[in-house]
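The values are calculated or read from the model by the stated rules, or taken from the named source; none is laboratory data. Keep in mind the model is a prediction, meaning the values are calculated, not measured. Here the Cβ is made from the backbone with ideal geometry for all residues, glycine too, and neighbour counts use every protein chain on show. With ligands, DNA and RNA removed, areas are computed over all heavy atoms of the protein, side chains included. Shrake-Rupley method; radii C 1.70, N 1.55, O 1.52, S 1.80 Å.
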Amino acid sequence: MHIPFLDLRAAYLELESEIGKAISKILDSGHYVLGPEVEQFESEWAAYCEAKYSVGLANGLDALHLALLALEVGPEDEVIVPSNTYIATWLAVSQCGARPVPVEPDERTCNIDASRIEAAITPRTKVILPVHLYGQPADMDPILAIARKHKLRVLEDAAQAHGARYKGRRIGSHGDVVAWSFYPGKNLGALGDGGAITTNDIDIADRISVLRNYGSRIKYVNEIKGCNSRLDPLQAAILRVKLVYLDEWNARRSALAQRYQQGLSSCGLALPHVPEWAGPVWHLYVVQHMKRDALQKAFTDADVGTLIHYPIPPHRQQAYAHLNGCEDFPVASRLADKVLSLPMGPHLCFEDQERVIAILTAICS
């Protein structure tokens, strides 16, 4: 039988009744843009993330872009980004007219290597933008220390880290501002696009609130050049339902990750490394192997879904051909050739996971 990489339909079916009631409530309310449902979700999401403020936005890329604008990033500025990340992290910088400056990851965690950041700082550097990749937090303390030393701002890309903890504290307000995506496949996913920021800085929250709504607080009064990036109240209602279950679903992911760690320990794979200070939420379970493509083909032949996050790193994309060549970022390039994401999600059953483990054991033993 087919094993999907992530079963989104099962997630919907578990909450079908509650989601249906939430949607009906919005349809009956007459509030179809922003309004009380978005405000309630913003309040609940901020509290969950242990932050003071949240602003709902149309998607995760807009969350990054508007956060950078709120930090006054513009042309001629530089933003330090991971060389190993989804391209949205870089695109948000480019949308501001600024230049992304890649820094290599720690090959064990796949997150940005804080020890390499300081060497990338120049007089034009304005922001450090770490990504909590695969649902595991980046090492924030040294990043924040470097930012304070050089008077830089910190924007966290937490698109894959809903509920993750760093040294016991939830991701949500370690840096100046945190950007979130609620794309359907995320740990907290909408039934369409959605995004948000969280922050403890009221000025940042206020500026992003204005930017998302045509630069306006009062209808037809436009203070700044803004855009239209408002979280849809239908998606806010769905997210409010799912938020109640987020910790439970993350616990299911954690149990799956532990079974993978135990069942694959003798397979010759590089398994995810979790530092003692990290509380991951296992958005992805990513293994590394030199013969990754052969492994993926074996899974495809067995009708098991896998994905590669990410087969082409940003610096090798045509969109960034004007930057340095791939030889300048060998760690990111090696990871792109070795990583394979196994089935993972709160609705992956024990029997299906055992089949995944058995396939890998047979191939790698």
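Data overview
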| quantity | calculated |
| --- | --- |
| Pick from the range 212-235, criterion aliphatic (A, V, I, L, M) and more than 22 Å from the chain's Cα centre (by Cα), ranking: nearest to residue 40 (Cα to Cα) | 218 |
| Answer residue from the range 283-303, given it is among the hydrophobic types (A, V, I, L, M, F, W, C) and open to solvent by less than 70 Å² (accessible area, probe 1.4 Å) and is farthest from residue 255 (Cα to Cα) among those | 294 |
| First in the range 228-247 and closer than 13 Å to residue 11 by Cβ, second anywhere and open to solvent by 60 Å² or more (accessible area, probe 1.4 Å) and among the aliphatic types (A, V, I, L, M), Cβ under 8 Å, 6 or more apart | 238/191 |
| Residues of the range 14-49 classified as among the β-branched types (Val, Ile, Thr) and exposed (fewer than 14 other Cβ atoms within 10 Å of the Cβ), total | 1 |
| Which numbered condition residue 338 misses (of (1) under 25 Å from residue 1 (Cα atoms); (2) touching a helix residue (DSSP H, G or I) at 6+ places or on another chain (Cβ under 7 Å); (3) of a type in the set (Lys, Arg)) | (1) |
| The lone exception for residue 238 - which of (1) more than 16 Å from the chain's Cα centre (by Cα); (2) of a type in the set (A, V, I, L, M, F, W, C); (3) open to solvent by 10 Å² or more (accessible area, probe 1.4 Å); (4) under 21 Å from residue 283 (Cα atoms) it fails | (3) |
| Evaluation of residue 282 against (1) within 24 Å of the chain's Cα centre (by Cα); (2) at negative phi; (3) at pLDDT 95 or above (one fails), failing number | (2) |
| All positions within the range 164-186 that are in a loop (DSSP other than H, G, I, E, B) and either farther than 25 Å from residue 7 by Cβ or open to solvent by less than 10 Å² (accessible area, probe 1.4 Å) (or both) | 164, 167, 168, 171, 172, 173, 174, 175, 176, 182 |
| Among residues of the range 300-315, those that are free of Cβ contacts under 8 Å to residues at least 24 places away in the same chain and of a type in the set (Val, Ile, Thr), counted | 1 |
| Members of the range 1-45 that are in a loop (DSSP other than H, G, I, E, B) and within 26 Å of residue 345 (Cβ to Cβ) | 1, 2, 4, 5, 6, 7, 15 |
| Residue match in the range 110-120 (condition: surrounded by 24 or more Cβ atoms within 10 Å (Cβ to Cβ) and in contact (Cβ under 8 Å) with a residue 40 or more places away in the chain) | yes |
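Quick grid of which residues meet (1) open to solvent by 20 Å² or more (accessible area, probe 1.4 Å); (2) not polar (S, T, N, Q):
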site	(1), (2)
66	no, yes
83	no, no
87	yes, yes
93	no, yes
97	yes, yes
